[in-house]
Amino acid sequence: MFLGKAKAGENVQVKAAALLITSGALVELSAADAREVVGYMRPELVKAGQVVIREGESTRNDFMALVLDGEVTVENSVAAAHDSMVVSVLGPGSLIGDMGIIDGGPRSATCTASTDLALAVLTRDSLTRLMENKPGVAARLLLAMSKRIADHLRETNRKLMTFAQVSKALQQELDAAHGVNKRLLDQVAALQGKPVMGAPGANKL
């Protein structure tokens, strides 16, 4: 059942449209366009602990979801380790899976329901119908999604640059510490090669 057709879904539709244009989702979209878009979304309830999106998955990659209620934990697997790292915890007004609905590529992170969740889901089939029925709205939706993805890429690049700078500074500190340590070891070695003052025969000519 789509949000726009839900019998008692008027309040849900209004809430979804309002959340769709918040900073965590598609802030570039107009309120009127948001109302059109949510008419093509379907409500979905997810129990706490259930995986909504799994990293690397390439079979369920044809939808994106807007969080209406609850929280989602976003995790990435750690390279060379059988573990994962929590990237963020997202709440109402957050959008997940937007890259997958566009390119159909493998999911880049795992999203797990931290609490019971209420989602508004847009599938690729629904997006296609939106493009056929409301091409102008669909074009503005895709433009807003593209800007969101571009903003995320810029932020990721900024973090990578900061990480590289911090890594360089740490390496310089390690190199300096290594140099100091080497000099100390050289001095200890030099002292060990000399007679100790006060020892028998130390002052003999």
Do you know which residues across segment 20-32 are surrounded by fewer than 18 Cβ atoms within 10 Å (Cβ to Cβ) and either over 23 Å from the mean Cα position of the chain (by Cα) or of a type in the set (A, V, I, L, M, F, W, C) (or both)? Val27, Ser30, Ala31, Ala32
Selection within segment 33-75 - farther than 22 Å from Ile21 by Cα, of a type in the set (D, E, K, R) and surrounded by fewer than 15 Cβ atoms within 10 Å (Cβ to Cβ): Lys47, Glu57, Arg60
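Yes/no matrix, rows are residues, columns are (1) farther than 30 Å from Leu45 by Cβ; (2) in a helix (DSSP H, G or I); (3) at pLDDT below 95; (4) under 25 Å from the mean Cα position of the chain (by Cα):
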{"position": "Leu119", "(1), (2), (3), (4)": "no, no, no, yes"}
{"position": "Ala164", "(1), (2), (3), (4)": "yes, yes, yes, yes"}
{"position": "Ser167", "(1), (2), (3), (4)": "yes, yes, yes, yes"}
{"position": "Gln171", "(1), (2), (3), (4)": "yes, yes, yes, no"}
{"position": "Ala177", "(1), (2), (3), (4)": "yes, yes, yes, no"}
{"position": "Asn181", "(1), (2), (3), (4)": "yes, yes, yes, no"}
{"position": "Met197", "(1), (2), (3), (4)": "yes, no, yes, no"}
{"position": "Pro200", "(1), (2), (3), (4)": "yes, no, yes, no"}
{"position": "Leu205", "(1), (2), (3), (4)": "yes, no, yes, no"}
Are there any pairs with C-beta distances below 9 angstrom linking a residue in segment 126-153 that is over 18 Å from Leu20 (Cα atoms) to a residue that is surrounded by 13 or more Cβ atoms within 10 Å (Cβ to Cβ) and hydroxyl-bearing (Ser, Thr, Tyr), with the two at least 6 apart or on different chains, and if so which? Arg129/Tyr40; Asn133/Tyr40
Considering segment 22-57, residues that are touching a Leu at 6+ places or on another chain (Cβ under 6 Å), in a loop (DSSP other than H, G, I, E, B) and at pLDDT 95 or above, and then whichever is farthest from Thr110 (Cα to Cα), we arrive at Tyr40
So Ala17, is it within 20 Å of Leu127 (Cβ to Cβ) and outside any strand (DSSP E or B): yes
Among the residues listed as Arg158, Arg107, Arg148, Arg129, the single one being at pLDDT below 95, assigned to a helix (DSSP H, G or I) and under 30 Å from Leu45 (Cβ atoms): Arg148
Number of positions in segment 183-195 that are basic (Lys, Arg) and modelled with pLDDT of 70 or more: 1
Tell me whether segment 81-90 contains one or more residues that are out of contact with any Pro (no Cβ under 8 Å at 6 or more places or on another chain) and either of a type in the set (Asp, Glu) or assigned to a helix (DSSP H, G or I) (or both). yes
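The values are calculated or read from the model by the stated rules, or taken from the named source; none is laboratory data. Note that the coordinates shown come from a computational prediction; the quantities given were computed from them, not determined experimentally. Backbone-built Cβ (ideal geometry, glycine too); neighbour counts: all protein chains shown.
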